[in-house]
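Working notes, structure below.
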Amino acid sequence: MGEVTIVGAGLSGLVAAINLARRGYQVTVLERESRIGGSPLYHPSGQGSPLFLKELKDYIGIDISPAVEPIREMREIPGGKVLPIDPSLIHAYFFERGPRSTSMDSYLYDLAREEGVRVEFDHPVRSQEEMAQLPPGTIVATGLHFEGFDSLGIPYLTSHHFTHKGTCDADLNFVNMYHDSFTTDYGYSCAFRGIRYVHLFNRSRPISREDLERFSARVREVEGLEISSWNSFTFPVPAASFRNPVLFQGDKILAGTLAGAMDPANFFGLHGALVTGKIAALAVEDKYRAWEEFRKCTRLFPKALLIRKFQMAQPFWMQIMAHRLAFSRFDRSRVVQKGIILSIPGMLNLGVRV
């Protein structure tokens, strides 16, 4: 059939590689890290997303159910008020990111290898010149790295992050979401497969030491967890423009975060990565059909970004009250449940009914 190069061995790159290899292409994936699983700055980690497993399998051609587990406990904590949520109402699942054999990355990597995909590690593509030298039709899925955005001229916001990674009982399975004045976005704490992970981020400004200390105090108050150390870093997020979602840039095909397949409100990225990996593989053979699928995938992005911009313009007390109102009645609010699910890129492609 021919040869295809993919930049990035993350979720979208591997889904594209698997689909192309099954269609007879010789696929080479160029990965900047020395192993699978993304940056060690924030992985291994537990992550979560609403998922419709059967519909997703039918669409991307890959059954990810062995790599995920239902979230058992979820709590929304706006302004210190603890509100339990039934995670099954939004089909919420945990998955692991990182290099461990139990991660989603390793699961997809093993499938790709079985299909004959070749992965070249320690092979970064950083500059505009290096990007231009790649063959036409190369799929670029570089994820949360500035170089991919800069080399292709994709607009982004710089988000600021603090994370804490530790260990815990392997049977623990929960996530707590914190909305408060220490960030215009949110923080969360989770436990999954023995990984204890705490994350605070802000897309609009750096996180001050005072903000971090207040977040730490809130986690200690709610969970009894003392956090002794933090990692800090920044990365780009595709929430700078209503035109962020883009499938084609020059002669390259984009996928995942770089393509704008990330929910601009809550930054759910797994689902969009998987779906656009499939779409990018389709674009190698049928650009028009792929474009139609990509438009469907990101159709609600402008609306979600507009809503988020409006929310961020409100005083903190109004944001907190809005979260309390929405989540105190979450089990009865089909509108809120549906809004969370359908705002995630790629949900419309599956034809799910919510």
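The values are calculated or read from the model by the stated rules, or taken from the named source; none is laboratory data. Just so we're clear, the structure is a prediction, and the values are computed from it rather than from any experiment. Neighbour counts are summed over all protein chains in view; Cβ atoms, including those assigned to glycine, are modelled from backbone coordinates with ideal geometry. For accessibility, only protein heavy atoms count, side chains too; no ligands or nucleic acids. Shrake-Rupley method; radii C 1.70, N 1.55, O 1.52, S 1.80 Å.
Quick notes on this one:
- The set of residues in segment 263-290 being assigned to a helix (DSSP H, G or I), under 24 Å from LEU53 (Cα atoms) and open to solvent by 40 Å² or more (accessible area, probe 1.4 Å) consists of LYS278, ARG289.
- For SER127, the requirement of being closer than 22 Å to GLY260 by Cα and free of Cβ contacts under 8 Å to residues at least 60 places away in the same chain is met.
- Residue within segment 103-115 that is farther than 19 Å from TYR188 by Cβ, surrounded by 23 or more Cβ atoms within 10 Å (Cβ to Cβ), in contact with a Gly (Cβ under 8 Å, 6 or more places away or on another chain) and charged (D, E, K, R) present: yes
- So LEU306, is it touching a residue at least 24 places away in the same chain (Cβ under 8 Å), assigned to a helix (DSSP H, G or I) and loosely packed, with under 15 Cβ neighbours inside 10 Å: yes
- Residue ranges of strands (runs of 3 or more DSSP E) in segment 156-212 with at least 2 members buried (at least 17 other Cβ atoms within 10 Å of the Cβ) and in contact with a helix residue (DSSP H, G or I) (Cβ under 8 Å, 6 or more places away or on another chain): 173-179, 186-192, 195-202
- Applying the criterion of being in contact with a strand residue (DSSP E or B) (Cβ under 6 Å, 6 or more places away or on another chain) and not in a strand (DSSP E or B) to the residues of segment 77-97, the residue that is surrounded by the fewest Cβ atoms within 10 Å (Cβ to Cβ) is VAL82.
- Residue count for segment 343-354, restricted to those that are modelled with pLDDT under 90 and either assigned to a helix (DSSP H, G or I) or of a type in the set (Phe, Trp, Tyr) (or both): 0.
- Among the residues of segment 56-76, just one is assigned to a loop (DSSP other than H, G, I, E, B), touching a strand residue (DSSP E or B) at 6+ places or on another chain (Cβ under 9 Å) and over 30 Å from GLU221 (Cβ atoms), namely ILE64.
A quick yes/no check of all residues on (1) in contact (Cβ under 8 Å) with a residue 40 or more places away in the chain; (2) over 25 Å from PRO50 (Cα atoms); (3) among the hydroxyl-bearing types (Ser, Thr, Tyr):
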position	(1), (2), (3)
PHE146	yes, yes, no
PRO155	yes, yes, no
HIS179	yes, no, no
PHE192	yes, no, no
ARG196	no, no, no
HIS199	yes, no, no
